[in-house]
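This report refers to the structure that appears directly beneath it.
Readers should treat all values here as calculations from the given coordinates under stated rules, not as data from a laboratory. These figures come from a predicted structure and were not determined experimentally. Every residue, glycine as well, gets a Cβ built from its backbone with ideal geometry; the counts of neighbours run over all protein chains shown.
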Amino acid sequence: MEIFALFAYVVIGVLAGLIGGLLGLSGGVVTVPCLVLVFHLLGFPQDVLMHTAIGTSLSAMVLTGIASTWAHHRHKGVMWDIIMLLIPGIIGGCLLGAFVSNFLSGIILRVIFGVFIGSLGIYVLLQKKKTQPGKRPHKTIYSLLGLGIGFLASLLGIGGGVFMVPLLISHRFSEKKSIGTSAASGLLISIMGSLAYLYFGLKEVGVADSIGYIYLPAFALIGLGTVFFAPLGVKWAHRMDPTMLRKIFAATIILVGILMIFK
């Protein structure tokens, strides 16, 4: 079983890297559900299983975020002015989300995870394409949005792309710039979130080879896979038709949401 788990971590890393680079999701929508399954097969305690999956996902996404953000930046796909406006809120939201998750059961976290990303997928799928450039929200609004996105992303361990991409698209930014900017914000979220889960998990009874809520073997192998395959996903994103890219994004998170709710 341990050999299977090690192989699974590598595969998860490859998939997370490709999807993170392609869709700006930081790979969390793939990593968390897959880790829940693998940790269950390994016999992890149920009271810390979901929290460990989230913490490990966030820590692995640091490497994903570095690789995909750099690749998107090279394609001029990151709106750094928006990132700077989001930073204060994201930092506070990440710390708050990790703190709140410490008081929620694994089942509740899993259902919240599924409902949120499934609903967002439906929203993106049904959203009509807007052709006229829209006004950007006030700077204060971006700080508040960063707080909300950081909170939900840290609470659920999914980076923030599932929230950031629909948000930017709704403000009439292009799909490619929305995905690139999402990847950059996801890097900050994953750094703050993983540090918070490490700290809060130190007080809990964990499993061998873990620090706090971060399981080190999974972190290392998943992170390695994402570093090599996230740039490939970015290349695909900048070559694909925007409408098709939006549909793939929506279908992916709807499917994952359903699987998590009815697991």
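Tabulate in residue order the Karplus-calculated ³J(HN,Hα) for region 167-177, using 6.51 cos²θ - 1.76 cosθ + 1.60 with θ = phi - 60°, rounded to whole Hz; enter x for Gly and Pro.
Values per residue, Gly and Pro as x: 4, 5, 5, 5, 8, 6, 7, 5, 4, 5, 5 Hz.
Normalise the Cα radius of gyration of the chain by 2.2 N^0.38 Å (N = residues in it) and let me know the number.
That ratio works out to 0.92.
Which whole-angstrom value gives the distance between the alpha carbon centres of region 145-218 and region 1-77?
11
When the Karplus curve 6.51 cos²θ - 1.76 cosθ + 1.60 is applied with θ = phi - 60°, which whole-Hz ³J(HN,Hα) does each residue of region 28-38 get, with x for Gly and Pro?
x, 5, 8, 5, 4, x, 5, 5, 4, 5, 5
Considering the dipole of the chain built from charges on the beta carbon (Lys and Arg +1, Asp and Glu -1) around the Cα centre, which of 36, 111, 121 is farthest to its positive end?
121
Mean-square fluctuation check for the chain, GNM, Cα pairs under 10 Å: which of 96, 187, 58 is largest?
96
Given 0.36 nm per residue, what is the gain on full extension from residue 172 to residue 209 after removing their alpha carbon distance, in nm?
8.8 nm
Among 147, 202, 18, determine the one that fluctuates most according to a GNM of the chain built with springs between C-alpha atoms less than 10 Å apart.
With Cα springs under 10 Å in the chain, the top fluctuation among 147, 202, 18 is at 202.
Would any residue of region 167-206 have its amide N under 13 Å from a label point 7 Å out along Cα→Cβ of residue 143? List them or say none.
Counting only backbone N, you get no residues.
Given the -39500 (n - 2.57) contribution per DSSP H run of 4+ residues, what per-residue ellipticity at 222 nm results for the chain, rounded to the nearest 500 deg cm²/dmol?
For the chain, the value works out to -27000 deg cm²/dmol.
Just to be sure I understand the curve: with the Debye formula and one point per C-alpha of region 186-263, what is log10 I(q)/I(0) at q = 0.12, 0.14, 0.20 Å⁻¹?
-0.57, -0.74, -1.10
³J(HN,Hα) across region 84-92 via Karplus (A = 6.51, B = -1.76, C = 1.60, θ = phi - 60°), whole Hz, x for Gly/Pro?
4, 6, 7, 3, x, x, 4, 4, x
Have a look at 220, 60, 16 and tell me which one the Gaussian network model of the chain (Cα, springs below 10 Å) gives the largest fluctuation.
Top of the fluctuation ranking is 220.
Among 248, 154, 63, which residue has its Cα furthest toward the positive end of the charge dipole of the chain, with +1 on Lys/Arg Cβ and -1 on Asp/Glu Cβ?
It is 248, whose Cα lies furthest towards the positive end.
Show the residues, 5+ positions off or on another chain, whose built amide H is closer than 5 Å to the amide H of residue 215.
Residues meeting the criterion, in which the H sits 1.01 Å from N, are 56.
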